[in-house]
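None of the figures in this text is laboratory data; all of them are computed from the coordinates on show. Since this is a predicted model, take the numbers as computed values, not measurements. Methodologically, a virtual Cβ is constructed for each residue, glycine included, from the backbone with ideal geometry; neighbour enumeration extends over all protein chains shown.
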Protein chains: 2
Amino acid sequence: MSTQIQANGHTYQLPARPTVIVCIDGCEQEYINLAVQAGVTPFFASLAKRGTVLTGDCVVPSFTNPNNLSIVTGVPPSVHGICGNFFYDTEAGAEVLMNDARYLRAPTVLAAAAQAGAKVAVVTAKDKLRALLGHGLQGICFSAEKADQANLAENGIDDVLRKVGMPLPSVYSADLSEFVFAAGVALLETERPDLMYLSTTDYIQHKHAPGTAGANAFYAMMDSYLQRLDALGAVIGVTADHGMNAKTDSLGKANILFLQQVLDERFGTDTTRVLLPITDPYVAHHGALGSYATVYLPAGTDQRAVHEAIAALPGIELVLDKRAASERFELPPDRIGDLVVVSERLTVLGTTPARHDLSGLDAPLRSHGGLSEQKVPLLFNRKVSVPAGQRLRNFDILRLALNHAD
Amino acid sequence: MSTQIQANGHTYQLPARPTVIVCIDGCEQEYINLAVQAGVTPFFASLAKRGTVLTGDCVVPSFTNPNNLSIVTGVPPSVHGICGNFFYDTEAGAEVLMNDARYLRAPTVLAAAAQAGAKVAVVTAKDKLRALLGHGLQGICFSAEKADQANLAENGIDDVLRKVGMPLPSVYSADLSEFVFAAGVALLETERPDLMYLSTTDYIQHKHAPGTAGANAFYAMMDSYLQRLDALGAVIGVTADHGMNAKTDSLGKANILFLQQVLDERFGTDTTRVLLPITDPYVAHHGALGSYATVYLPAGTDQRAVHEAIAALPGIELVLDKRAASERFELPPDRIGDLVVVSERLTVLGTTPARHDLSGLDAPLRSHGGLSEQKVPLLFNRKVSVPAGQRLRNFDILRLALNHAD
């Protein structure tokens, strides 16, 4: 195969050694730091000396899909088009789910590598990401959630449960992420892909704070599989789609700003439309509450008045109009509203109380979406040389692992 | 005694029941939340139903002295004058320690209450706060640190170690704060002060993250004493001087921006003076590293150039000139520099590497000083009525406890 590929304006060296990129969903850096302090993650602990420890900025909105797609395309949402789970189609007058690959505007580096002859494998926790990550990919691509349904025609692999040696996990479990790692190790042992992308789910991080028993056990589990991938000779790069923060008061009550309710009271019902792009079919662990919202305003609305009213609310960190938000956060202007709203670290944004089912929240709310969850780890089990003074992003990870690792 | 007093423009009802105000140093709200989740703090857990749970903003710089003095005077540093441990006296050409009561520009509510006939007691962990908190106070005022030296003439009490029943604690220990609570209980049992102020030290919070064993044990200890104060019939209000955040990368390496070094390289040595008001005689647990600095510029310096250079540095959240900082943070303009610099949640500000002794840091750096540590608890064991829409501050706590509790 050729040794270099181009994707979305960047050049990538195809790997001479198996290279595994891991996206730990919701990996606030403190999870690793405190697991290392607790002594339960020897692989992570070893990286400070033998590997490379960096911090990068993820994409805002600090949500799963925009960041996973940025990581596999190597470019921000302004290029690849996926800036959340939903956008509002003003022509159709409907909120549209963006989980389908037809919304993806850029090829993935994974597909380009496979096209050039590399053996590529992708394993995700939830199935919602599989179609997007596997778009155009000739290779292996399946989710832990639907591992039992994986077949050669659609997923490039079959009989996954037997090959991985685990039963089908529940979609709300730590097992769902463990399955991803177990599959990664099994694939590296048998298929030995040149390039593998493993993406977990943040079910644990939404419920367990860094350093607590539940979190440390989860990171110890991941560490044990990373040790095995390491022992199998893989170049490993670990990053996150976003961080994670508590969103409550001292007694665990969620700090929720119901933005649609506030705007309805101030400007009239049906005047503004607050869209929460974190909304997805799996909301039991966060109740569709995150620190990012976008607001659509019909023609004739006094945008400045709405902008200023939102900016003055307690718990708001930042309000930007469409143009400023598109530039600062590198978002596709046609898929965001007229205003982008980011709440402070301890506050989440809701629409109206009736539209959020919080019955599944059995632990104090932890969530993401804002600037407060933008710092994520960039870790490697090799020495990686980084140009000084450059702002690092999580979606630099393929370039760093493929082009800059020893 | 008269039933009302005036202090610094506010009216306070003198307490009919013993009232205890507790300032838990460095109490990021998540410490309480996770200790409650762990089931080790029944007093705190009970407050959601039987008491009042609020969140307030502390003073920025989110340091100990400016906030303790704000709490006991009921007003911000623009009125009471204490905006850090140090300021730069431009006339004298020297950095001046502000721990002496002659720098205090406002009487305390505690002193005013004693003046009106109330029995008042103050117990602090470290002695550095004692002189400021006890200024003008006819009553009991001593520190755990120097409890062995307390005498009737200076402290309004003697034989403290015997009365409290604990040996003199080390200044770097959880015991130092436990001594404060043990003294509070002993005083309430024997002297029964009308108004008591207990102020701990953040030694534990600088070393232990919320929800970890060391933190939970500390909060369980405080909870057991709060239960006893509660059982003795006290109205209890709990707040914090500031929050606390990790200031490291994934492997626990501190994110330090050495601002003096950067400015020396850019603008020349001895052109700018970076002052870190967190600096104090007890720095082993934080190395004098916090998320706030103030910069003094000699006449003729291009202030805009320095301002913009700092604002562009990675890790900086905010740069304000003296006037803007004085207004936004309610600081005394004559005791801050020409610029005020706040760093992001995960970053601290240093001067030059040689001027920070990090040898005492035996755990990954956790610190405070910035906007990211501004949210603090306001908890009461009584129902407290709060006017809607009002921004709450930690220094509202005496008014809330004395004027608004059931």
Shape call for region B:160-200, from the Cα gyration tensor axes a ≥ b ≥ c (a/c under 1.5 means rounded, otherwise prolate when a/b beats b/c, else oblate), comes out oblate
If the label point sits 7 Å along Cα→Cβ of residue B:3, residues of region B:375-406 with amide N under 19 Å come out as B:385, B:399-406
Least to most buried among B:46, A:62, by other C-beta atoms within 10 Å and fewest first, runs B:46, A:62
Sorting from shortest, the nanometre distances separating the label point of residue A:266 (7 Å past Cα along the line to Cβ) from those of the same residue in the other copies are 3.5
Taking the label point 7 Å from Cα along the Cα-Cβ vector, the copy-to-copy distances for residue A:48, listed from shortest in nm with one decimal, are 3.6
Gyration tensor on Cα atoms of region A:268-365, a ≥ b ≥ c root eigenvalues, a/c under 1.5 rounded, else prolate if a/b beats b/c, else oblate, says prolate
Restricting to lysines and to Cα separations under 21 Å from residue B:119, and discarding same-chain partners fewer than 8 apart, the set is B:163
Which of A:33, A:245, A:216 fluctuates most in a GNM of chain A (C-alpha springs under 10 Å)? That residue is A:33
Quick shape check on region B:81-166: root eigenvalues a ≥ b ≥ c of the Cα gyration tensor, a/c under 1.5 is rounded, otherwise prolate if a/b tops b/c, else oblate, and it reads oblate
Any helix of chain A counts here only if DSSP assigns it H throughout, its Cα atoms span 20 Å or more along the axis, and its mean Kyte-Doolittle hydropathy is at least -1.0, and such helices are A:174-190, A:213-231
Placing +1 on each Lys and Arg Cβ and -1 on each Asp and Glu Cβ in the protein assembly as shown, then taking the dipole about the Cα centre, the residue among B:268, B:71, B:106 whose Cα reaches farthest towards the positive end is B:71
For the protein assembly as shown, the dipole about the Cα centre with charges only on Cβ (Lys and Arg +1, Asp and Glu -1), to the nearest 20 debye, works out at 260 debye
Expected response for nearest chain B Cβ to the B-A rotation axis, distance in whole Å, is B:211, 3
Checked against the positive end of the charge dipole of chain A (+1 on Cβ of Lys and Arg, -1 on Cβ of Asp and Glu, about the Cα centre), the farthest of A:205, A:343, A:21 is A:21
So, in nm and shortest first, the distances from residue B:391 to its counterparts in the other copies, with label points 7 Å along Cα→Cβ, work out as 2.7
Here the relative contact order (percent) of region B:125-258, from C-alpha pairs under 8 Å and at least 6 apart, is 18 percent
Magnitude of the Cβ-charge dipole (Lys and Arg +1, Asp and Glu -1) of chain B about the Cα centre, nearest 20 debye, reported as 1040 debye
Taking every other residue with Cβ under 15 Å from the Cβ of residue B:368 and scoring Lys and Arg +1, Asp and Glu -1, one gets -4
Relative contact order of region A:256-367 (C-alpha contacts under 8 Å, at least 6 apart) in percent is 38 percent
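Distance check, please: which entries in B:49/B:375; B:49/B:253; B:126/B:375; A:375/B:207; A:126/A:247 exceed 31 angstrom between their Cα atoms?
Pairs exceeding 31 Å: B:49/B:253.
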Proxy exposure order for B:253, B:49, B:126 (fewest C-beta within 10 Å first) is B:49, B:253, B:126
Treating only Lys and Arg (+1) and Asp and Glu (-1) as charged, each at its beta carbon, one finds that region B:256-367 has a dipole about its Cα centre, in Debye to the nearest 20, of 100 debye
Neighbour-count ranking for B:221, B:196 (other C-beta within 10 angstrom, fewest to most) reads B:221, B:196
